[in-house]
Amino acid sequence: MSDPAHRPQTMAEKILSQRGDHVVYAGDLAVVEVDQVMVVDSIAQSFIERMQRDLDATPKFPERVSIVIDHVAPASTVSVAQAQKEAREYAAQTGVRLFDVGRGICHQVLMEEGLARPGWIVLGSDSHSTTYGAVAAFGTGMGATDIALAAASGKTWLKVPESVKVTFTGTLRPDVAAKDVALEMIGRLGADGATYQSIEMHPGDRFTRGERMTLANLCVEAGAKAGLVVPGGEILTEYGYDVPEWIYPDEGATYVRAIEIDLSALHPRMSAPNEVDNVYNVAELRDQLRDTPVDQVFIGTCTNGRIEDLHAAADVLRGQRVAAGTRLLVIPASSEVMEQAMADGTLLTLQRAGAVLGTPGCGPCMGRHQGVLAPGEVCVSTSNRNFIGRMGDKDAKIYLASPAVAAATAVMGRVALPQDVPAVGVAASAGGR
Amino acid sequence: MPRIWKFGDSVNTDDILPGKFAPFMAGEDVFQTFAFHYIRPEFASQVRPGDVLIGGRNWGLGSSREYAPVALKKLQIGGIVAPTFARIHYRNLLNLGIPAFEFDLTGLLDDGDEVSLDVNTGVLTSAGGTVQLPPPPEFLREALAEGSILAFFKKHGRFPGEPAP
């Protein structure tokens, strides 16, 4: 790489320069090497058809391709079962990795398996592939055609995005979660506030890997192509990631927009129907929705189905009971998360509170199975979208919140904050984590 | 003559094709009949080949699901004109060869207006006059000249804009 001008670069510009054959800046077209291509069950058939029929190709680097059966797992209909069968057969024939029913949600599984690393380019057939930015991988979602082209060639083309710089200052209050930070960020940027752009987040040493995943995951809800978190804290100390020095953005890099979020001023946040950027303080919505029963609470998904999310829910639900008339559905993001939650007593706590547990996977997030909503029902979910008809009927209403707020809502049967839940006696809270 | 179907801002991929009607759930042959199922239930049965969709800002936000635009392609829409598109969806449209033009027509045309759209020149004609729509981005014209990115890649073994191997 030679760049006579040596202009300062953003993190997105640096990664795309590193994985291409020349130095690139925002607006340039880059053809880059792809380190991992992720295919989910819902596009497996289209992917195979593009590969075999349209391109007459096999994966150039089978070890760089992963198929994850997570969106409707286990299968709910014969046609879904057939599509999943074809995906399994394709994996066996071509040698690409297969993560079958129950292993978990694609983004969680790839992170656990070390298939997203600092400086990598990871393409996923799921829009929330921005999640990989948690470990400074350039993760982005694409459709079946682009995914097939990447698998066939080992490369993809990208327009190098401009970047939005988000700086975090201050310290979170104890009742505020990464989800609240992400919703605040989306609310501030707007649902199309970062379209075609990369959101480059500067948290210093704040946030765990899981919290960084929540932040990066939701960047696509502002339209972003990628959501990159500058490495720090746990990313440097806990997981043995090789974080190259070049990956840090240069002083003086060009940003299209910069915002600063003072974490100490933040309160729990909630997105009201039907747009993710329709963000309010939970306290405000709680008062507005005092007379609105909540029919279903869902804790899970690629946004908030990790062990720390289940812990946050269990901390609220310990010794409590889910309100009569409210269903609480909990789906761990992966088999690893489920095992941890089983071993440390979290699942027992949730089960005793009245939670219904599901197979690790995406669950009802996109309205295909395991807990879809009836007309007029109200759901508080830890997921990432509240679009019309997303989780079932078009007249159902979806509110998005953190696991702690979702858990409090399940106990109260109305939108609630954890501090609204009456304390339980010592006897009732004994046992379990 | 093709007609206009006019939509508002922020039409998302769940609006275009709800996830539960994905081809592997609803069936490969019929999933397109659920296009705009919730927001314009009459669409799939009344749309005619060549009809043009007009959207507001951020058309296609949401999922990467390519079968949402595939449903529109199966219904043979003539093109989509919106002031801004969500990026994954915009890529999918171009990859499928569905003409997508970044332009705001919402104040100029209404539901049911008859139009003709020349997708090669970007000239859109209606009773009210003629509008020149902006052409697709320059770096994609090379691919579109071959019909699609898939066709380009298959023929040349590289991406548009990439030096020959």
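The values are calculated or read from the model by the stated rules, or taken from the named source; none is laboratory data. The structure presented is a predicted model; accordingly, all values stated were derived computationally and were not measured. Please note: Cβ atoms are built from the backbone with ideal geometry, for glycine as well, and neighbour counts cover all protein chains shown. Ligands, DNA and RNA are stripped out before the accessible areas are found, and what is left, the full protein with its side chains, is counted by its heavy atoms. Shrake-Rupley method; radii C 1.70, N 1.55, O 1.52, S 1.80 Å.
Points to keep in mind about this one:
- Put simply, of A:181, A:220, A:164 the only residue that is under 25 Å from residue A:9 (Cβ atoms) and touching a Phe, Trp or Tyr at 6+ places or on another chain (Cβ under 9 Å) is A:164.
- Evaluating residue B:71 against the criteria (1) aliphatic (A, V, I, L, M); (2) in contact with a strand residue (DSSP E or B) (Cβ under 9 Å, 6 or more places away or on another chain); (3) within 14 Å of another protein chain (Cβ to nearest Cβ) leaves one unmet condition, (2).
- Top-ranked residue of segment B:143-165 - restricted to ones that are more than 24 Å from the chain's Cα centre (by Cα) and part of a loop (DSSP other than H, G, I, E, B), ranked as farthest from the other protein chains (Cβ to nearest Cβ): B:164
- Those residues of segment A:372-397 which are more than 11 Å from chain B (Cβ to nearest Cβ) and basic (Lys, Arg), in sequence order: A:397
- Output for segment B:31-47, where each listed residue is more than 11 Å from every other protein chain (Cβ to nearest Cβ), open to solvent by 60 Å² or more (accessible area, probe 1.4 Å) and either under 20 Å from residue A:364 (Cα atoms) or part of a loop (DSSP other than H, G, I, E, B) (or both): B:42
- Of all residues in segment A:392-402, those being farther than 16 Å from residue A:326 by Cα and either small (Gly, Ala, Ser) or not in a strand (DSSP E or B) (or both) number 6.
- Residues of segment A:253-277 that turn out to be in a loop (DSSP other than H, G, I, E, B), open to solvent by less than 40 Å² (accessible area, probe 1.4 Å) and touching a helix residue (DSSP H, G or I) at 6+ places or on another chain (Cβ under 8 Å), as a count: 5
- Flag for residue A:379 being crowded, with 20+ Cβ neighbours inside 10 Å and in contact with an Asp or Glu (Cβ under 6 Å, 6 or more places away or on another chain): no
- Counting only helices (runs of 4 or more DSSP H) that sit wholly inside segment A:278-340, those with at least 2 residues that are more than 27 Å from residue A:189 (Cα to Cα) are A:307-317.
- Residue satisfying all of: in segment B:84-103; crowded, with 22+ Cβ neighbours inside 10 Å, within 8 Å of chain A (Cβ to nearest Cβ) and farther than 15 Å from residue A:194 by Cα; modelled with the highest pLDDT among these: B:92
- Among the residues of segment B:126-142, the one identified as more than 14 Å from every other protein chain (Cβ to nearest Cβ) and in contact with a helix residue (DSSP H, G or I) (Cβ under 9 Å, 6 or more places away or on another chain) is B:135.
- Any chance residue A:24 is closer than 22 Å to residue B:165 by Cα, open to solvent by less than 20 Å² (accessible area, probe 1.4 Å) and within 12 Å of chain B (Cβ to nearest Cβ): yes
- Selection over segment B:12-30 of residues that are closer than 20 Å to residue B:55 by Cα and at the interface with another protein chain (Cβ under 10 Å from one of its Cβ atoms) gives a count of 5.
- All positions within segment A:70-114 that are within 14 Å of another protein chain (Cβ to nearest Cβ), polar (S, T, N, Q) and either assigned to a helix (DSSP H, G or I) or on the phi > 0 side of the Ramachandran plot (or both): A:79, A:82, A:84
- Note on segment A:167-192: among residues that are in a strand (DSSP E or B) and touching a Leu at 6+ places or on another chain (Cβ under 8 Å), the one that is nearest to the other protein chains (Cβ to nearest Cβ) is A:168.
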